[in-house]
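Please read the structure below before turning to the comments.
The values are calculated or read from the model by the stated rules, or taken from the named source; none is laboratory data. If you're wondering where the values come from, they're calculated on a predicted model, not measured in any experiment. Cβ placement follows ideal geometry from the backbone for every residue including glycine, while neighbour counts extend to all protein chains displayed.
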Amino acid sequence: MESKHSQDKLSAYLDGELSAADRRQLEAHLSGCADCTAALAELQALRGRVSTEAERHTAPEYLKHRIHAALLAEPKPQRRTPARAWPWAWINLGLAGAATAAFAVTLTLYLEQPTANERLEQELVSSHFRSLMPNHLADVASTDQHTVKPWFAGKLDFSPPVYDLAPQGYALIGGRLDYLQRRAVAALAYQHRQHVLNLYIWPDASGRNDAPHAAMRQGFHLLRWSQDGMQYFAVSDINPQDLARFAGMLRQKVAQADAQ
């Protein structure tokens with residue numbers, strides 16, 4: 001798939017309007033094309049800015065009344081006497097067919113709606129896109145976990161675990177506040193070779209310890225797990241093996257801290 005052809009499909013991809021086959025083809029192209037990935041990031045950043053910064057205006061009441069009055073004042077169409085009477089059997093059959101078609105359309109639209117988990121993954125990828133823009137990666141830039149962790153005090157209603165894994169190849173860059181699922185969350189930024197990895201942390205109300213679950217969206221790999229009352233979500237363009245290795249080391253650090 002050529003880059004020009006791929007970029008023409010980016011808007012439809014973000015809006016979820018591509019077929020499953022086209023979406024898979026485009027995601028495969030994105031995984032190996034830096035230009036298209038950058039173009040997608042710019043579109044996503046623009047959408048995020050419009051969503052958060054654009055002004056929204058509610059129609060005033062007088063305008064609603066004027067529209068309603070205009071609709072009532074429109075002349076009603078004259079009823080025409082049918083040239084022939086249709087047998088009730090055919091009428092019932094037609095109504096049944098129309099109802100079946102309407103149900104099929106409604107069911108299709110319902111099934112195409114993204115699930116709660118898909119919406120969350122989209123939010124996370126959008127946040128990851130925004131973080132890659134200049135001066136968006138960290139509110140507190142530091143490789144020292146003892147500097148980053150206290151910075152969150154008073155800004156969140158929980159204390160996120162912070163660990164520097166530089167000796168293992170995942171250097172802590174810093175931390176920032178983010179907003180997901182209508183709540184403030186902690187976001188930790190790591191550097192692995194030339195790649196940026198974002199780790200999002202927030203309390204898990206279920207209290208379960210779930211094993212990591214992998215996913216891929218818009219060319220990025222995602223890994224989700226829960227541990228000791230916290231939800232973790234790692235997002236990066238590094239390969240799945242390196243992302244799983246990062247999650248394994250972090251889970252071990254959290255377990256060791258709880259055992260002490």
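A few points about this structure:
- Any hit, the stretch 185-199, residues being under 18 Å from the mean Cα position of the chain (by Cα), farther than 12 Å from Pro160 by Cα and surrounded by fewer than 16 Cβ atoms within 10 Å (Cβ to Cβ): no
- Residue in the stretch 206-218 that is assigned by TED's automatic domain parsing to the domain that holds Met249, more than 18 Å from Leu137 (Cα to Cα), in contact (Cβ under 8 Å) with a residue 40 or more places away in the chain and buried (at least 21 other Cβ atoms within 10 Å of the Cβ) present: yes
- Residues located in the stretch 111-150, provided they are of a type in the set (A, V, I, L, M), surrounded by 12 or more Cβ atoms within 10 Å (Cβ to Cβ) and assigned to a helix (DSSP H, G or I): Leu120, Leu124, Val125, Val148
- Flag if Thr143 is modelled with pLDDT of 90 or more and either more than 30 Å from Arg182 (Cβ to Cβ) or under 16 Å from the mean Cα position of the chain (by Cα) (or both): yes
- Qualifying residues in the stretch 12-25 (those that are in a helix (DSSP H, G or I) and modelled with pLDDT of 80 or more) - the one farthest from Thr115 (Cα to Cα): Gln25
- Residue list for the stretch 219-241, filter: closer than 22 Å to Arg193 by Cβ and surrounded by 17 or more Cβ atoms within 10 Å (Cβ to Cβ): Gly219, Phe220, His221, Leu222, Leu223, Tyr232, Phe233, Ala234, Val235, Ser236, Asp237, Ile238
- Complete set of residues in the stretch 219-260 that are touching a residue at least 60 places away in the same chain (Cβ under 8 Å) and under 17 Å from Phe158 (Cβ atoms): Met230, Phe233, Leu250, Val254, Ala257
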